[in-house]
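Read the structure below first, then the notes.
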Amino acid sequence: MRAVRWSLPIALVAAVAVVPATATAKSAVRVSAQPLAARLTTRAAKTAIVVSNPGRARLTGLTLAVVAPKGVKVTLAGAKRGKTSRALPALKGRGSARVTVALSRTARGPARGRLTVKVTRGGKTLGSARLAFGSGRRSAGRTGPAQPPADPNDLSGRYFWGTQYTISGILMHTLYFTSKQFVWVDDVEGTWPSCAAASEQCKPYTYDAASNTLTIDGRPAALKPDHSIDYDDDNYGEFGYPAPGTRWTTYVTYANSSGLCPLYCSYYTENLEFRPDGTFIRDAVASGSGPISDYAIVPADSKGTYEVRADRTLRLAFADGRERIETVALYLTDDGRALRPVGDGLLLDGDGYFDIRD
């Protein structure tokens with residue numbers, strides 16, 4: 001669970017991680033969304049779209065529209081029946097609006113993909129984003145610097161991650177197998193953990209490769225052919241690790257929310273632009289709404305250099321002398337032989353970053 005990276009009153013932002021889609025900094029409004037990690041089914045699944053006004057001037061006459069691929073059904077809160085667009089309330093300076101959207105598919109519709117979210121005024125697009133669905137299970141075997149254990153019953157080093165949508169945002173779940181005996185079930189932050197004995201974070205597990213039988217903390221689990229794990233009513237997709245010295249050309253976004261939405265909510269969004277010369281640019285915004293007042297905090301952008309290290313961590317060295325060191329992992333191709341592009345899904349300290357721009 002990611003903490004806010006600059007000083008904020010704790011009462012304002014209590015982070016619950018979610019995976020975002022967001023507009024670029026040049027947009028007149030910022031559009032963020034909470035992607036659905038699970039594959040779409042014929043049963044509706046809910047997520048949320050947040051439209052923020054980063055400026056000081058009041059914005060009126062805004063329209064929110066969702067453009068979905070063929071076979072995807074959209075129900076937008078506040079829209080007329082059968083419509084996928086609606087008017088937004090006026091956004092005061094530094095204010096935001098949150099809109100719930102439900103997605104499902106037809107019998108032959110896609111289970112995975114992306115749809116476009118746009119905010120317009122007078123026919124002109126002021127901000128847009130893409131909302132991914134089915135991304136959380138698009139995973140396969142692992143790659144990276146670590147070699148598989150010689151014992152087929154040993155899952156050491158394998159990393160699985162899943163999400164669960166709640167009224168307060170999306171909860172992240174981790175299964176990191178530290179040895180032949182234990183699996184780490186808490187956030188993976190700073191360094192990759194180890195387990196010496198059973199504890200709240202370290203649960204015992206057993207695995208028999210011949211029968212493909214897995215138990216975690218005495219309860220049955222299933223290691224599936226698509227390299228995901230079903231456990232405790234959740235699905236966890238498997239991740240791999242980028243090689244030391246890897247460089248990227250991408251723009252990825254992370255967001256989180258907390259509170260009792262929609263009564264009162266806090267939102268946090270962080271954008272990271274990685275460049276092939278080893279430099280990065282970071283910007284962020286925190287905003288919230290409640291029964292009394294709304295707020296938004298937008299700190300100055302920051303820059304620095306980044307390094308993917310041999311210990312499977314990413315070091316962000318800021319120009320002002322600060323640094324962040326976080327565990328790093330990537331989605332894999334469906335055959336498990338290679339890492340997917342970083343924009344398809346990057347985990348830093350167990351939080352999901354995605355490139356979901358138009």
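Points worth noting:
- Set of lysines near Lys203 by C-alpha distance (under 24 Å), chain-local residues within fewer than 8 positions excluded: Lys180, Lys224
- Region 17-136: equivalent-ellipsoid semi-axes (sqrt of 5 x gyration tensor eigenvalues, Cα, Å): 25, 15, 11
- Anchor Lys83: lysines whose Cα lies under 30 Å away (excluding residues fewer than 8 positions away in-chain): Lys26, Lys46, Lys70, Lys73, Lys92, Lys118, Lys124
- Region 54-92 and region 290-316: distance between their alpha carbon centers, rounded to Å: 28 Å
- Taking GluC sites (Glu not before Pro) across region 197-289, the ones in a DSSP loop with at most 15 further Cβ atoms lying within 10 angstrom of their Cβ are Glu200.
- Charge tally for Arg58 (other residues, Cβ to Cβ under 15 Å; Lys, Arg +1; Asp, Glu -1): +3.
- Radius 12 Å from Cβ of Pro204, net charge of other residues (Lys, Arg +1; Asp, Glu -1): +2
- Order of Lys92, Lys70 - criterion: other Cβ atoms within 10 Å of each residue's Cβ, fewest first: Lys70, Lys92
- The simple spin-label model puts a point 7 Å past each Cα toward its Cβ; for Ala338 and Ile292 those points are separated by 5.5 nm.
- Using a simple spin-label model with pseudo-atoms 7 Å out from Cα toward Cβ, Leu263 and Ala44 lie 2.3 nm apart.
- Extended-chain gain in nm, criterion 0.36 nm per residue less alpha-carbon gap, Arg86 and Asp186: 32.0 nm
- Model label sites at Arg275 and Glu323, defined 7 Å from Cα along the beta-carbon direction, differ in position by 2.1 nm.
- Net charge contributed by nearby residues that have their C-beta within less than 9 Å of Asp294 (K/R +1, D/E -1): +2
Every number in this text was worked out from the coordinates using simple rules, so none of it is lab data. Every value quoted in this text rests on a predicted model; they were computed, and no experiment measured them. Because the Cβ atoms are built from the backbone with ideal geometry, glycine has one as well, and the counts that use them run over all protein chains shown.
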